[in-house]
Every structure is written in structure tokens, then in C-alpha cells.
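Enquirer: One structure, pasted below without further comment.
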Amino acid sequence: MELIKKPLMTIPENYICPDQEPVLLGLSHDYKTSLPTVPTIDMEKLIIGETTDIELDKLHLVCKAWGLFQLVNHGVSLSLLNKLNNEIEEFFKLPLEEKMKYKARPGDVEGYGRVPPPKVQTLDWGDRFYMTISPIHKRKPYLFPELPSSLRNTLESYFSELQKLAMTLTELMGKALKIDKREMDELFEDGMRSMRMTYYPPCP
């Protein structure tokens, strides 16, 4: 259940994937062929300046060709991101008995810990916490409301910033598709959102 309780000198057997060859995607025998890089979209260029139309066309093409992208200059403050990262680290440092107050209940995927896997399945190398964050009435009463107040408040600030960012981004996607802003708002305004916090300890 917990990988960080004490230092590990060897990998526990139930975390080892047997009989698997390493996968080297896109590499030639001389190892000089570069892998494709995930496209980058600049949020500032999407909303400010003379390059708006160019960046919007790029967003449209990237969504069609890739279905994902890295967003830069998104406006979420670095101080908030650093604070969130620190709060999450502190959560995973809590004693196991404290974290188990949030454990995933039978038949549910939300909470701390992993969903019990089939006996033949190798376990993931990481501690995780998964939960629904919105709409608010979908939040489990024993999860988010019971988190340490500092983590809970930081998460609320983070969710608020991401909500605004997501709505702006979906409106821009709609603009590229010639879809009315109000229609995009109606489609995504009350959508369900979830988050997963994961800690990957060093591998021995």
C-alpha cells in the first residue's frame, strides 16, 4: 500500500514486470533518430497580439492531428504551482494510518491507494490519490472535505484557476470550429472533473 514507509534496497516482486523487452520507440540502430515532440501551444499568443489567428490555426491543426499539446504561458502562477506541489508532497509524507482515512472503499475507484488488481496484474510503482472535484455535489464527503486545510485551500485555488483556463481554452477551440461561445459554455460549464495525485518514489 505504501512505497515510502521505509527505504527499499530491492524491488518487491509484485512490482516487477517479467519477460518484457525495453521499448525504444522511433529509434534507429544508431540511436540518432529523434522521437516526435509534443506540440506546444502558447496561451498568450492565442489571446493577445498580432499572432492570434496564426496560433488559433495551429491549435486547430494540433487538436486534429495529435489530440493533445503542451500549454505554455497559461497564466497559472508559478507560486501557486509550487505551493500545490509542496502540499501534495506533505500529504504523501503523512503516516500510513493517517492516509488510510482516505482509502478507496470497496467497489469504488476514488480515494487513497489502488483499486485491488487481479492477482496476475503487476502493481504500479507509485502511491496515488484519486477523486472527483466537480461538480461539488459529486465530491465524496469523506475525501476532499476531510483533507488537511492547507492542502484543501490550495487545491481550491488551483481548481479555480484551471476552471477559468479550461473554459477559455474550450472557447478558443470552439472559435476554431466556428462554434458559438454560448454553445461551448453550455457543453462544458457543468462537466465532471477529477484529479489524481501521484507519488513515484526512487526505484532501487
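The values are calculated or read from the model by the stated rules, or taken from the named source; none is laboratory data. From a predicted model like this one, the values you see are computed outputs, not experimental measurements. Cβ coordinates were reconstructed from backbone atoms using ideal geometry, including for glycine residues, and neighbour counts include every protein chain displayed.
Enquirer: Of the residues Leu169, Leu151, which is closer than 26 Å to Glu44 by Cβ and at pLDDT 90 or above?
Expert: Leu169
Enquirer: Still on this structure: Any chance you could count how many residues in the range 180-204 are touching a helix residue (DSSP H, G or I) at 6+ places or on another chain (Cβ under 8 Å) and either part of a loop (DSSP other than H, G, I, E, B) or of a type in the set (Asp, Glu) (or both)?
Expert: 5
Enquirer: Still on this structure, please answer the following. Consider Met184 carefully, then state whether it is outside the structural domain of Lys58 (by TED's automatic domain parsing), within 22 Å of the chain's Cα centre (by Cα) and surrounded by 13 or more Cβ atoms within 10 Å (Cβ to Cβ).
Expert: no
Enquirer: Cβ-Cβ below 8 Å, separation at least six or inter-chain, first residue in the range 76-99 and closer than 29 Å to Met167 by Cβ, second aliphatic (A, V, I, L, M) and outside any helix (DSSP H, G or I): which pairs?
Expert: Short answer, once both residue conditions are applied: Ile88/Met197; Phe91/Leu147; Phe91/Met197.
Enquirer: Consider Pro145 carefully, then state whether it is closer than 27 Å to Leu80 by Cβ and assigned to a loop (DSSP other than H, G, I, E, B).
Expert: Spelling it out, it is not the case that Pro145 is closer than 27 Å to Leu80 by Cβ and assigned to a loop (DSSP other than H, G, I, E, B).
Enquirer: Which number in (1) modelled with pLDDT of 95 or more; (2) within 18 Å of the chain's Cα centre (by Cα); (3) not small (Gly, Ala, Ser) marks the one condition that Phe92 misses?
Expert: (1)
Enquirer: Of everything in the range 104-120, what is surrounded by 14 or more Cβ atoms within 10 Å (Cβ to Cβ) and either at pLDDT 90 or above or among the aliphatic types (A, V, I, L, M) (or both)? Give them in sequence order. Spell out the reasoning first.
Expert: The first filter runs over the range 104-120 and keeps only residues surrounded by 14 or more Cβ atoms within 10 Å (Cβ to Cβ), leaving 104, 110-114.
Of everything in the range 104-120, those that are surrounded by 14 or more Cβ atoms within 10 Å (Cβ to Cβ) and either at pLDDT 90 or above or among the aliphatic types (A, V, I, L, M) (or both) turn out to be Ala104, Glu110, Gly111, Tyr112.
Enquirer: Residue under question is Arg193, and the condition is that it be surrounded by fewer than 16 Cβ atoms within 10 Å (Cβ to Cβ), in contact (Cβ under 8 Å) with a residue 40 or more places away in the chain and among the basic types (Lys, Arg); does it hold?
Expert: Criteria met by Arg193.
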